[in-house]
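Q: Have a look at this one.
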Amino acid sequence: MIEQQLAQALQERQQAGLMRQRRQLETAQGASISVDGETLLGFASNDYLGLANHSSVVAAFTQAAKHYGVGSGASHLVNGHSREHHLLEEEIAAFTGRDRALLFSTGYMANFGTIMALLGQGDLVVEDKLNHASLLDGGLACGAKFRRYLHNDVASLEKTLALPGQRKLVVTDGVFSMDGDIAPLKEVVQSCRKNNAWLMVDDAHGIGVLGATGAGSLQYFGLSQQDVPILMGTLGKAAGGFGAFIAGSDVLIETLTQFARPYIYTTATPPAVAAANRAALEIIQHDSTRREHLAQLIAMFRAGAASLGVQLMDSFTAIQPVLLGSAQRTLSVAGTLQKQGILVGAIRPPTVPNGSARLRITLTANHSAEHIEQLLVALDFALKLHPATDLDNQGTA
Ligand SMILES: *Cc1c(COP(=O)(O)O)cnc(C)c1O
């Protein structure tokens, strides 16, 4: 009975063009990758600075694995908190300009665990509609009143914040993962001040990429720990490693250490991963050439798309989506791109709202100007081969 219901739900997903498939990657992250036996130019990675396969990051990992072995052996509070983890936390705190930082095994756990630890019944959590799933899940699960405001709309935020609540927490992505645009953080900070609310920013896609030394959206806007008391960042994207952190005041970090269950009840990441993250952090802070190269590629891609009449979204980050509407058209365009040797993300509901399926193109410092040219030519061809239908324009499917 249950098995039959599950099979039916899968069939419905298949018929709606929403079935997801995994590809097998046979090479390291890079511009040119081998996927299911095919060599493709990849524009679907979050390795924005090209650090996942950087020689000094790999060397740090290898060296630490020789010293520490592979497994961390236990959770942080029991016996798994290595010196590499500890140094990484101190370096992240200095890098982000916060009192302290706490490592989590994944960004999902950092977001979920932090909201769960800080809020409960009688409280109010207010989130941007397009926030990452882990933030929404934490908000829904924590027991507080959960409300979403219109994307990047401060008036809508203010209205929602007027609702009663003992503790009030506003949560937003810094850079939105599927749109690439940036939250109006200065205005959001003002709104939180006025309403006596705490602010949490998930900067998974800003860390490493934005700001003079890559410290992310908050550095870009010049916002301090007083402005944004809870900063979350990930180490699996621009840092090219794995894991995540929360940075903030001593009291916040001690609270999470004692009360955040996804922190307490899980095995620490391998110490070698922390060592690799440290090496990446060093490059992010002291070598701006990768960020500059990436910025040039982004400008070049946007100018090229404009001259071809390809409509892009309002983003100046490494995430450059092409909004197509229906899941079917998105799959068709992505399929044609793959035939031309180009891999992009085909993002469909429920990851994005109904009717807003899109290509998620990501640029990285591994790409060259020639790669961007190739992408633009292929994109122009694929979009013309699969023109928009009424279905796309109605925003259905
Ligand atoms: C990827 C991502 C996460 C989750 O981070 P993981 O370390 O991959 O679990 C959280 N928030 C945003 C905005 C993300 O893009």
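Q: Here are A299, A276, A305: which of them is within 16 Å of the ligand (Cβ to nearest atom), of a type in the set (G, A, S) and at pLDDT 95 or above?
A: On the way: A299 fails: within 16 Å of the ligand (Cβ to nearest atom); A305 fails: within 16 Å of the ligand (Cβ to nearest atom).
None of the other options fit; the residue is A276.
Q: Name the residues in the range 46-59 that are open to solvent by 20 Å² or more (accessible area, probe 1.4 Å), in contact (Cβ under 8 Å) with a residue 60 or more places away in the chain and not in a loop (DSSP other than H, G, I, E, B), would you?
A: S56, V58, A59, listed by residue number.
Q: Among the residues that make up the range 32-50, is at least one of them within 15 Å of the ligand (Cβ to nearest atom), of a type in the set (G, A, S) and assigned by TED's automatic domain parsing to the domain that holds R360? Can you show your working first?
A: Pass one, the range 32-50, residues within 15 Å of the ligand (Cβ to nearest atom): 44-48.
From what's left, of a type in the set (G, A, S): 44-45.
Then keep just the ones that are assigned by TED's automatic domain parsing to the domain that holds R360; that gives 44-45.
Scanning the range 32-50, I find at least one residue that is within 15 Å of the ligand (Cβ to nearest atom), of a type in the set (G, A, S) and assigned by TED's automatic domain parsing to the domain that holds R360, so the answer is yes.
Q: To continue, here is another question. Sort out which residues of the range 104-148 are aliphatic (A, V, I, L, M) and over 17 Å from the mean Cα position of the chain (by Cα), and write them in order of number.
A: Residues of the range 104-148 that are aliphatic (A, V, I, L, M), as a first pass: 109-110, 115-119, 124-126, 130, 133, 135-136, 140-141, 144.
Passing the criteria: I115, M116, A117, L118, L119, L124, V125, V126, L140, A141, A144.
Q: Something else about it: Only one of T267, T213, T257 is in contact with a Leu (Cβ under 8 Å, 6 or more places away or on another chain), assigned by TED's automatic domain parsing to the domain that holds R100 and in contact (Cβ under 8 Å) with a residue 60 or more places away in the chain. Can you tell me which? Give the derivation first.
A: Values: T267 fails: in contact with a Leu (Cβ under 8 Å, 6 or more places away or on another chain); T213 fails: in contact with a Leu (Cβ under 8 Å, 6 or more places away or on another chain).
After applying the criteria, what remains is T257.
Q: On to the next question. Taking the residues in the range 199-225 that are outside any loop (DSSP other than H, G, I, E, B) and in contact with a Ser or Thr (Cβ under 9 Å, 6 or more places away or on another chain) as candidates, determine which candidate is nearest to the ligand (Cβ to nearest atom). Reasoning before the result, please.
A: If we filter the range 199-225 for residues that are outside any loop (DSSP other than H, G, I, E, B), which is where we start, we get 199-202, 217-221.
Among the residues that remain, those that are also in contact with a Ser or Thr (Cβ under 9 Å, 6 or more places away or on another chain) are: 199-202, 218-219.
On the way: L199: 15, M200: 11, V201: 10, D202: 5, L218: 14, Q219: 17 Å.
If we take residues in the range 199-225 being outside any loop (DSSP other than H, G, I, E, B) and in contact with a Ser or Thr (Cβ under 9 Å, 6 or more places away or on another chain), then D202 is nearest to the ligand (Cβ to nearest atom).
Q: Taking S134, is it hydroxyl-bearing (S, T, Y), over 25 Å from Q226 (Cα atoms), at pLDDT 95 or above and buried (at least 19 other Cβ atoms within 10 Å of the Cβ)?
A: Values: hydroxyl-bearing (S, T, Y): yes; over 25 Å from Q226 (Cα atoms): no; at pLDDT 95 or above: yes; buried (at least 19 other Cβ atoms within 10 Å of the Cβ): yes.
So S134 fails the test.
Q: Go through the residues of the range 330-340 one by one and say whether even a single one is modelled with pLDDT under 95, open to solvent by less than 20 Å² (accessible area, probe 1.4 Å) and touching a helix residue (DSSP H, G or I) at 6+ places or on another chain (Cβ under 9 Å).
A: Taking every residue of the range 330-340 in turn, none turns out to be modelled with pLDDT under 95, open to solvent by less than 20 Å² (accessible area, probe 1.4 Å) and touching a helix residue (DSSP H, G or I) at 6+ places or on another chain (Cβ under 9 Å).
Q: Got a number for residues in the range 142-178 being over 22 Å from D227 (Cα atoms), open to solvent by less than 50 Å² (accessible area, probe 1.4 Å) and more than 15 Å from the ligand (Cβ to nearest atom)?
A: 4
Residues checked against (1) touching a helix residue (DSSP H, G or I) at 6+ places or on another chain (Cβ under 7 Å); (2) surrounded by 14 or more Cβ atoms within 10 Å (Cβ to Cβ); (3) within 30 Å of S224 (Cβ to Cβ):
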site: R22; (1), (2), (3): no, no, no
site: V35; (1), (2), (3): no, yes, no
site: A64; (1), (2), (3): yes, yes, no
site: H67; (1), (2), (3): no, no, no
site: G73; (1), (2), (3): yes, yes, no
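Q: Looking at I246, I284, which one is touching a residue at least 12 places away in the same chain (Cβ under 8 Å), part of a helix (DSSP H, G or I) and surrounded by 16 or more Cβ atoms within 10 Å (Cβ to Cβ)? Before the answer, list the steps.
A: Values: I246 fails: part of a helix (DSSP H, G or I).
Only one candidate qualifies: I284.
Q: Moving on to the next point. Quick check on the range 35-66: of everything there that is among the aromatic types (F, W, Y) and within 21 Å of the chain's Cα centre (by Cα), which residue is farthest from V273 (Cα to Cα)? Even if it seems obvious, please write down each step before you answer.
A: As a first pass, look at the range 35-66 and keep what is among the aromatic types (F, W, Y): 43, 48, 61.
Of the ones still in play, those that are also within 21 Å of the chain's Cα centre (by Cα) are 43, 48.
On the way: F43: 25, Y48: 18 Å.
By that ranking, first place goes to F43.
The values are calculated or read from the model by the stated rules, or taken from the named source; none is laboratory data. Small disclaimer: the values here were computed from a predicted structure and weren't measured. In this analysis, Cβ positions are derived from the backbone assuming ideal geometry, glycine residues included, and neighbour counts consider all displayed protein chains. Heavy atoms of the whole protein, side chains included, go into the accessibility calculation; ligands, DNA and RNA do not. Shrake-Rupley method; radii C 1.70, N 1.55, O 1.52, S 1.80 Å.
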